[in-house]
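Novice: This is the structure, below, for whatever I ask next.
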Amino acid sequence: MFKKILKISASVLLLAVLVFIAGPRTEMDETLHPLSLPEDLEDLEQYIAQSEAAVAGIRPKVAKGIIWADSTQKNGHHSPSSTFMDSAVRETK
């Protein structure tokens, strides 16, 4: 009985793998498009904000952003730990 169940399970698994391998393929554009990013850090943040504003329907939690490890790089109080705590506080409200 155990051998019969094992054979059936192995056959179903093999069939699933074959269907997966023979399944449809998705075409992808693998072309690399060079970016010209600004040198100044403040301009970089503005560049990211402008590129995000150009796309409609972006939710705030999935928008791009920079979390500075050194707070001297940014105007404000954001460090990785304070950004995490600020988002945790916002989500609970």
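The values are calculated or read from the model by the stated rules, or taken from the named source; none is laboratory data. As the structure is a computational prediction, the values presented were derived from the model and not from experiment. A quick note on method: Cβ atoms are made from the backbone with ideal geometry, for glycine too, and the neighbour counts reach across all protein chains shown.
Novice: Is there any pair with a first residue in the stretch 37-63 that is β-branched (Val, Ile, Thr) and a second that is in a loop (DSSP other than H, G, I, E, B) and modelled with pLDDT under 85 whose Cβ atoms are under 8 Å apart and which are 6 or more apart or on different chains, and what are they?
Specialist: Ile48/Lys64; Ile48/Gly65; Ile48/Ile66
Novice: State whether the residues of the stretch 2-15 include one that is modelled with pLDDT of 85 or more, in contact with a Pro (Cβ under 6 Å, 6 or more places away or on another chain) and of a type outside the set (Gly, Ala, Ser).
Specialist: First, the residues of the stretch 2-15 that are modelled with pLDDT of 85 or more: 2-15.
If we keep only those that are in contact with a Pro (Cβ under 6 Å, 6 or more places away or on another chain) as well, we get none.
The answer is no; no qualifying residue exists.
Novice: Sticking with this structure for a sec: Could you list, in sequence order, all residues of the stretch 9-49 that are outside any helix (DSSP H, G or I), of a type in the set (A, V, I, L, M) and over 24 Å from Trp68 (Cα atoms)?
Specialist: Step one: filter the stretch 9-49 for residues outside any helix (DSSP H, G or I), giving 23-40.
Add one more test, that the residue is of a type in the set (A, V, I, L, M), and what stays is 28, 32, 35, 37.
Scanning the stretch 9-49 gives Met28, Leu32.
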